[in-house]
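Colleague: One structure follows; several queries about it will come next.
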Amino acid sequence: MTHSIPISPIESWVHKKISAPGARLTREALTRYQMARVQETLDHALERSPFYKKAWRTFTGKKIKAPSDLHDLPFTKPEDIQNAPLGFLTVSQDEIARVVTLNTSGTTAAPKRIFFTEEDLELTVDYFAHAMADFVSAGETVTIFMPGDKPHSIGQLIRDGLNRIGVEGIVAGPVSDPHKACRLIANTGATCLIGIPTQMLHLARTHRKSAAPGQNIRSVILSADYVPRSMAQAIESAWGCRVFDHYGMTEMGYAGGVACCGECGYHFREADLYLEIIDPASGRPVNDGEPGEVVFTTLTRKGMPLIRYRTGDKAGFSPHPCPCGTVLRRLDPVLGRTTGGMSLKNGSVLTLPELDEALFSVPGLLNFTAELSGDSENKGETDILRISLLTVPTATATARHTARQQVAHIDTIIRAMDDGALSLAELSTDCRPRGTTGMVKRTFTDNRSPRQQIWKR
């Protein structure tokens, strides 16, 4: 069978990592490798990790030969790391090369601390060297708008991976000055950008007609946040490029999976990570094609192995083969978080991804915030949704009008308004971004209860 697009380069990389080159990789061979590695990870963690030794002592003799053998193992939860991060170490602290502290959005919980050895970081660099081969070739330049001011930070790891395939990676850090960022793109002749989704949208919509970004850029890779399809389409339209989505998290070792040229989900570093999709309520696996919570087990992590770690992200495995023809599994695009929606008076739940898809299609919109409050005049029986838009200066009035129409067509909002459970306040607008934060975080705040809830993306 022939394919109109090349097979993801991640496949050949995974093949080389799990066996000697030869016949094409098979799904069966990959599963056997993964189960053997899961067993090794389990044995290693139970022997050396204080957390797993204590919490999982009854599973010492568990034998993992098939994916179904994992289903009786407990999950590792984010709060486990928050409560005792050092308990997950399986090496001495002298062997740790990088410690990342993660604050948890929407809560007041303690931050998570994630530890990496030099060997762990090398796995990530090696992944980037192979994954990026789908988007750039030797001699090209990539501008990396990701944190890179500290040793072994994500921007530096991407740069090091690119350098291995003869591509120059320029670490610019998150965008704080859009004009300066576009001058850098123009001066370096970058053909590919890697950045935070809302920041790349900001560049695309504020410099749409500039000669700086549009002439050379062929691809943009969005990372570090959920990517609404409407946002990706807006960037593609503004710059005439292709937009790809990378899904990963620090707990995974930064890198997880990236879309291939088929642009229909992610291919994962399956030699380093084993993924499951579970029903977040029951913890049982769901069928391919059904969304659930992403759970992963590290297969090659030395310093801080994680077993069945619950990410809180919502996605599903595609039941269909990828157009590129790879044997690797395809994770459908992430749909946001499994929790974090706001319950309305009629029992329905309004989520931030619903607002994302509706609003980022609005021409001239750069970002937004939303909040729910009670209606004091109606004895709290009706929720009020207030949305504030950040726009380009020339689009303020039209963006406000279009955004209201888009929001009013969200099914959850239609039902709640028909039930008299929700009213939509007049939308407000602003065209003055306040530093880097104004280009990154969109918030959904619940002001109806004494204990305020804030969900961020």
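The values are calculated or read from the model by the stated rules, or taken from the named source; none is laboratory data. This is a predicted model, so every value here is computed, not measured. FYI the Cβ positions are ideal-geometry reconstructions off the backbone, even for glycines, and counts take in every protein chain you see. Note: areas computed on protein heavy atoms with side chains; ligands, DNA, RNA excluded. Shrake-Rupley method; radii C 1.70, N 1.55, O 1.52, S 1.80 Å.
Colleague: May I ask you to rank HIS179, HIS15 by accessible area, largest first, using a 1.4 Å probe over the protein chains only?
Modeller: Descending accessible area places them as HIS179, HIS15.
Colleague: Can you give the charge dipole size of the chain about its Cα centre, rounded to the nearest 20 debye, using +1 on the beta carbon of Lys and Arg and -1 on the beta carbon of Asp and Glu?
Modeller: 440
Colleague: What percent does the relative contact order of the chain come to when contacts are Cα pairs within less than 8 Å and at least six residues apart?
Modeller: 14
Colleague: Moving to a separate point now. With a 1.4 Å probe and all protein chains left in place, how much accessible area per residue does the chain have, in Å²?
Modeller: Ligands and nucleic acids excluded, the result is 43 Å² per residue.
Colleague: Compute the Cα gyration tensor for the stretch 310-420, then decide on rounded, prolate or oblate, letting a ≥ b ≥ c be the square roots of its eigenvalues: rounded whenever a/c is under 1.5, prolate when a/b is larger than b/c in the other cases, and oblate in all that remain.
Modeller: Since a/c reaches 1.5 but b/c is at least a/b, the shape of the stretch 310-420 is classed as oblate.
Colleague: Another one. Suppose the chain between GLN39 and THR250 were pulled fully straight at 0.36 nm per residue; how much longer would it get relative to their current alpha carbon spacing?
Modeller: 73.7 nm
Colleague: Please work out which option in (i) 26.6; (ii) 21.8; (iii) 23.4 gives Kirkwood radius over Cα pairs in Å calculated from these coordinates, and answer with its label.
Modeller: (iii)
Colleague: While we're on this one: Suppose R0 equals 41 Å. What FRET efficiency, 1/(1 + (r/R0)^6) with r the Cβ-Cβ distance, do ASP375 and PHE75 give to the nearest 0.05?
Modeller: Efficiency computed from Cβ-Cβ geometry: 0.55.
Colleague: I would also like to ask the following. Using a simple spin-label model with points 7 Å from Cα along the Cα→Cβ vector, what separation in nm is obtained for ASN103 and ARG284?
Modeller: Inter-label distance under the simple model: 4.1 nm.
Colleague: Can you tell me what share of the DSSP beta bridges in the chain is antiparallel? A percent to the nearest 5 is fine.
Modeller: Of the beta bridges lying entirely in the chain, close to 60 percent run antiparallel.
Colleague: Suppose we take every Cα in the stretch 145-206 and form the convex hull; what volume per residue is that in Å³?
Modeller: So the per-residue Cα hull volume is 81 Å³.
Colleague: As an exercise, use a Förster radius of 45 Å and the Cβ-Cβ distance of ASP430 and SER12 to find the FRET efficiency, rounded to the nearest 0.05.
Modeller: The calculated FRET efficiency here is 0.40.
Colleague: With every protein chain in place, what's the accessible area of SER230 (1.4 Å probe, Å², nearest 10)?
Modeller: Roughly 10 Å² of SER230 is accessible to a 1.4 Å probe.
Colleague: Could you give the dipole magnitude of the stretch 158-263 about its Cα centre, charging the beta-carbon of Lys and Arg +1 and that of Asp and Glu -1, in debye to the nearest 20?
Modeller: 420
Colleague: Still on this structure, I have one more. What nm distance separates the two modelled labels at SER68 and GLN82, each placed 7 Å from Cα along Cα→Cβ?
Modeller: About 3.6 nm separates the two model spin labels.
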